[in-house]
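Let me begin by presenting the structure, written as structure tokens, before commenting on it.
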Amino acid sequence: MTISHDNEPKSNALRLLMDQYVGHAQSTWTPTQVVVSRAKGRCLWTADGRRLIDFTSGVLVSNIGYAHRGFERRLADYCKGLPRNAYNMVTEIQIEASRRLVKSMRGNAHAQRTLWAASGSEGIQKAMWAALHHHPERHIMVATRGGFHGKKGLAADVSGERSANPNVRFISFPMGGGEPESFYRAELDAIWREAPDKVALLITEPYLGAKGSFHPPKWYHRMLEQWCREHGVPFIFDEVQACFGRTGSMYAWQSYGVQPDLVVLGKGVASGVPASVVVGRADLIGALGYGEASDTFSGVPEACAAVCATLDVFEEEKVVAHARRAAKWLRRGLDTLQKQFPFILEVRGEGLVFGLDMADTVTADACVLEAYRARPKRGVHFLGPLAGKVLRVSPPLTITRDEVDEAVEMLAAAWSRVG
Ligand SMILES: Cc1ncc(COP(=O)(O)O)c(C=O)c1O
């Protein structure tokens, strides 16, 4: 369905051409279908000149904002002279990026070696392959219900509530019901009783993102980790979305006090250059033989360079410390909005990722649209609601106090038109 908005001649024409030439399945539904012609800092500009404060970071990718001068300069420097593709070649930049990622995970004794991929779901698939190869006599894959690990292959098999893969078993993930630790532990024990010594891996997300921002109590992941240790089961942490500062720590495993066997990084790890990296136990990653996880684009020099350039910016600008401060400003702003608008049922989140649980889908869609056209030439950019009615708020970690205030002020005015 082609969307058109009043007074947007250029954007409307481009939306029509997009529909003509690009399959719509490539996009996820969003009520604005924003047409972006420029991005800088924490802002996007539409083809018709509207300036939007970005509350999405793309899709939690542009953690350092857009067109970051230091990042772009370093990326170009690191890439200088290197081939675009280095298939089956050894490059210093891949060694350097891997070394730095491992170093950045000091505190997790299992962070020893990397395995590269070109998208989050492929990284997840490779992490799962590693665990399955390590224990070829085991076939059961345990996942936490309601997670999202990607749309392809094994990543899709362990996403959601049900799986077409007969080897997948789900256990519950806390969603505010108040169940005690023993409730979840009992579910794990039941799986072990059903298939003793057959569990090859346990995969979970730090928090349920796509399901609508559900953030578990700290003991939950510790309990999962403890159970994995007791049963010799590799514990896989999907940080495709959470890595690089989103939860207020560089990594979410730090926020939750665990040391996963394999951590899968994606999205913000390379600030927009397609990359995903599994970081974890050398014996697990080494269980895959030559070629078993190779493909055309994994670990291309530009991806490795982008990881190094991102780490440079994080270190030089102390991005995580800034994100923690920004999280306080944003939380305060979102709480104020909740007080003003009864249709915001709950604000859930941690660090700089929040979900605004709206009364219903129609209201949530209307809020996305009204935010977009908050002022004649300004607005706030959201993606379409998650799980039907949850608006995700995940601005770049570098957002300033003025930008938070400006966005909240625009939303206060714009959402008073929803009702
Ligand atoms: C937690 C999590 N895991 C995995 C993925 C899949 O990543 P990709 O879309 O890069 O395949 C996503 C994407 O949204 C995600 O949020």
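The values are calculated or read from the model by the stated rules, or taken from the named source; none is laboratory data. Just so it is clear, the model here is predicted, and its values are computed rather than measured. For neighbour counting, all protein chains shown are included, and Cβ atoms are generated from backbone atoms with ideal geometry for every residue, glycine included.
Before moving on, here are some points about what is shown:
- Within the stretch 60-94, tally of residues that are among the aliphatic types (A, V, I, L, M) and over 26 Å from the mean Cα position of the chain (by Cα): 4
- Any hit, the stretch 29-39, residues being assigned by TED's automatic domain parsing to the domain that holds Val408, closer than 30 Å to Val278 by Cβ and touching an Asp or Glu at 6+ places or on another chain (Cβ under 9 Å): yes
- Within the stretch 120-136, the set of residues being touching a residue at least 12 places away in the same chain (Cβ under 8 Å) and assigned to a loop (DSSP other than H, G, I, E, B) comprises just one member, His135.
- Conditions (1) crowded, with 21+ Cβ neighbours inside 10 Å; (2) under 26 Å from Asp283 (Cα atoms): number failed by Tyr207: (2)
- Filtering the stretch 43-78 to residues that are assigned to a loop (DSSP other than H, G, I, E, B) and farther than 25 Å from Glu302 by Cα leaves Ala47, Asp48, Gly49, Arg50, Phe55.
- Members of the stretch 9-42 that are of a type in the set (A, V, I, L, M), in a loop (DSSP other than H, G, I, E, B) and surrounded by 13 or more Cβ atoms within 10 Å (Cβ to Cβ): Val34, Val35
- When Ser62 is tested against (1) in contact with a Pro (Cβ under 7 Å, 6 or more places away or on another chain); (2) over 20 Å from Tyr372 (Cβ atoms); (3) of a type in the set (Ser, Thr, Tyr), only condition (2) is not met.
Table: residues versus (1) of a type in the set (Lys, Arg); (2) within 16 Å of the ligand (Cβ to nearest atom); (3) exposed (fewer than 13 other Cβ atoms within 10 Å of the Cβ); (4) in the same structural domain as Leu330 (by TED's automatic domain parsing).
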{"site": "Trp45", "(1), (2), (3), (4)": "no, no, no, yes"}
{"site": "Ser62", "(1), (2), (3), (4)": "no, yes, no, yes"}
{"site": "Val90", "(1), (2), (3), (4)": "no, no, yes, no"}
{"site": "Met105", "(1), (2), (3), (4)": "no, no, no, no"}
{"site": "Asn108", "(1), (2), (3), (4)": "no, no, no, no"}
{"site": "Ala117", "(1), (2), (3), (4)": "no, yes, no, no"}
{"site": "Ser121", "(1), (2), (3), (4)": "no, yes, no, no"}
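- Matching residues in the stretch 206-227 - criterion: being touching a residue at least 60 places away in the same chain (Cβ under 8 Å) and of a type in the set (Phe, Trp, Tyr): Tyr207, Phe214
- Residue match in the stretch 162-173 (condition: under 16 Å from the mean Cα position of the chain (by Cα), more than 14 Å from Cys228 (Cβ to Cβ), within 16 Å of the ligand (Cβ to nearest atom) and surrounded by fewer than 19 Cβ atoms within 10 Å (Cβ to Cβ)): no
- The sole residue among Glu194, Glu225, Glu187 that is crowded, with 21+ Cβ neighbours inside 10 Å, in the same structural domain as Pro136 (by TED's automatic domain parsing) and of a type in the set (Asp, Glu) is Glu225.
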